[in-house]
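**Student:** Mind having a look at this structure? Questions to follow.
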Amino acid sequence: MEYLIPDYLTSNQELHEIQFSFEISSEAPGFCESWPSDIYFYLNSTLLGTWTCPGDFGETSGRLNPAWWPRINQYGLLKLLTINRQGTFIDGLQLSDITIQDIKKDTTSGFLFRLSVPSDAKHVGGLTLYGKNFGNYHQGIRVKVLYQ
């Protein structure tokens, strides 16, 4: 999955940090609480790191899912991915040494955020992202850009 994030920074503003907040789970046939998926995160073609989601959660209904939602994956885990001058972090734990300075910046098109589960990953499940009216958290993907 890819999301294009516009870059509204001007030439005299310096990028310090980008944060992505999202609800995510693995993807299994039907659902399976213990179905890990290795999820790879990229920003502008730079691999930020890999996080293993522990499962595709469906035993309990998602709080926000509409009545018509089938008995498949129901909710995910709320994650915060941060890229700053110290590295890349997920929920405050270091994921990699990739810093905001390592990101190739394309000033014409902004930032391309990509999530994937490659076919050669150790845990080849899939991934599910939940929007603001699904899962357990009333939000879509949130992006915060910190600059000076």
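**Student:** So which residues in the range 60-86 are surrounded by fewer than 16 Cβ atoms within 10 Å (Cβ to Cβ) and touching a Phe, Trp or Tyr at 6+ places or on another chain (Cβ under 6 Å)?
**Tutor:** Going through the range 60-86, the residues surrounded by fewer than 16 Cβ atoms within 10 Å (Cβ to Cβ) turn out to be 60-61, 63, 66-72, 78, 80, 85-86.
Selection gives ILE72, LEU78.
**Student:** Suppose we filter the range 46-83 for residues that are in a loop (DSSP other than H, G, I, E, B), among the polar types (S, T, N, Q) and either under 15 Å from GLY126 (Cβ atoms) or in contact with a strand residue (DSSP E or B) (Cβ under 7 Å, 6 or more places away or on another chain) (or both); how many remain?
**Tutor:** Step one: list which residues in the range 46-83 are in a loop (DSSP other than H, G, I, E, B), which gives 54-55, 58-74, 76.
Then keep just the ones that are among the polar types (S, T, N, Q); that gives 60-61, 65, 73-74.
Among the residues that remain, those that are also either under 15 Å from GLY126 (Cβ atoms) or in contact with a strand residue (DSSP E or B) (Cβ under 7 Å, 6 or more places away or on another chain) (or both) are: 73-74.
Of the residues in that region, 2 qualify.
For every residue, the table says whether it meets (1) closer than 15 Å to SER21 by Cβ; (2) at pLDDT 95 or above.
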| residue | (1), (2) |
| --- | --- |
| LEU64 | no, yes |
| ILE72 | no, no |
| THR82 | yes, yes |
| LEU115 | yes, yes |
| VAL143 | yes, yes |
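**Student:** Using the structure shown, decide if GLN101 is in a strand (DSSP E or B), free of Cβ contacts under 8 Å to residues at least 40 places away in the same chain and either within 16 Å of PRO6 (Cα to Cα) or not β-branched (Val, Ile, Thr) (or both). Give the steps one after another, and end with the answer.
**Tutor:** Numbers: in a strand (DSSP E or B): no; free of Cβ contacts under 8 Å to residues at least 40 places away in the same chain: yes; either within 16 Å of PRO6 (Cα to Cα) or not β-branched (Val, Ile, Thr) (or both): yes.
No, not satisfied.
**Student:** Has the range 27-34 got any residue that is among the hydroxyl-bearing types (Ser, Thr, Tyr), without any contact (Cβ under 8 Å) to a residue 40 or more places away in the chain and more than 14 Å from THR128 (Cα to Cα)?
**Tutor:** yes
**Student:** Quick one: in the range 27-38, which of the residues that are in a strand (DSSP E or B) and either open to solvent by 70 Å² or more (accessible area, probe 1.4 Å) or out of contact with any Cys (no Cβ under 6 Å at 6 or more places or on another chain) (or both) is modelled with the lowest pLDDT?
**Tutor:** Quick first cut of the range 27-38, residues in a strand (DSSP E or B) only: 32, 37-38.
Checking which are either open to solvent by 70 Å² or more (accessible area, probe 1.4 Å) or out of contact with any Cys (no Cβ under 6 Å at 6 or more places or on another chain) (or both) leaves us with 32, 38.
Numbers: CYS32: 91, ASP38: 97.
For the range 27-38, the residue satisfying everything is CYS32.
**Student:** Only one of PHE89, PHE41, PHE57 is buried (at least 18 other Cβ atoms within 10 Å of the Cβ) and either in contact with an Asp or Glu (Cβ under 7 Å, 6 or more places away or on another chain) or hydroxyl-bearing (Ser, Thr, Tyr) (or both); which? Spell out how you get there, then give the answer.
**Tutor:** Working: PHE89 fails: either in contact with an Asp or Glu (Cβ under 7 Å, 6 or more places away or on another chain) or hydroxyl-bearing (Ser, Thr, Tyr) (or both); PHE41 fails: either in contact with an Asp or Glu (Cβ under 7 Å, 6 or more places away or on another chain) or hydroxyl-bearing (Ser, Thr, Tyr) (or both).
Criteria check complete, one pass: PHE57.
**Student:** Working only within the range 123-148, note down all residues that are assigned to a loop (DSSP other than H, G, I, E, B) and of a type in the set (Phe, Trp, Tyr).
**Tutor:** As a first pass, look at the range 123-148 and keep what is assigned to a loop (DSSP other than H, G, I, E, B): 123-126, 131-141, 148.
Matches in the range 123-148: PHE134, TYR137.
**Student:** Could you check LEU146 against (1) more than 29 Å from CYS32 (Cβ to Cβ); (2) open to solvent by 90 Å² or more (accessible area, probe 1.4 Å) and say which number it fails?
**Tutor:** (2)
**Student:** Any residue at all in the range 122-136 that's closer than 21 Å to GLY49 by Cβ, surrounded by 16 or more Cβ atoms within 10 Å (Cβ to Cβ), of a type in the set (Gly, Ala, Ser) and at pLDDT below 95? Working first, answer last.
**Tutor:** Going residue by residue through the range 122-136, those that are closer than 21 Å to GLY49 by Cβ are 122-129.
Subset that is surrounded by 16 or more Cβ atoms within 10 Å (Cβ to Cβ): 125-129.
Within this subset, residues satisfying the condition of being of a type in the set (Gly, Ala, Ser) are 125-126.
If we keep only those that are at pLDDT below 95 too, we end up with 125-126.
Scanning the range 122-136 turns up at least one residue that is closer than 21 Å to GLY49 by Cβ, surrounded by 16 or more Cβ atoms within 10 Å (Cβ to Cβ), of a type in the set (Gly, Ala, Ser) and at pLDDT below 95.
**Student:** Against the condition open to solvent by 50 Å² or more (accessible area, probe 1.4 Å) and closer than 16 Å to LEU43 by Cα, how does ASP102 come out, does it pass?
**Tutor:** For ASP102, the condition - open to solvent by 50 Å² or more (accessible area, probe 1.4 Å) and closer than 16 Å to LEU43 by Cα - is met.
The values are calculated or read from the model by the stated rules, or taken from the named source; none is laboratory data. This structure is a prediction, so every number in the text was calculated from the model and none was measured. Every residue, glycine among them, receives a Cβ derived from its backbone with ideal geometry; neighbour counts consider all protein chains shown. Calculation scope for accessible area: heavy atoms of the full protein, side chains included, ligands and nucleic acids excluded. Shrake-Rupley method; radii C 1.70, N 1.55, O 1.52, S 1.80 Å.
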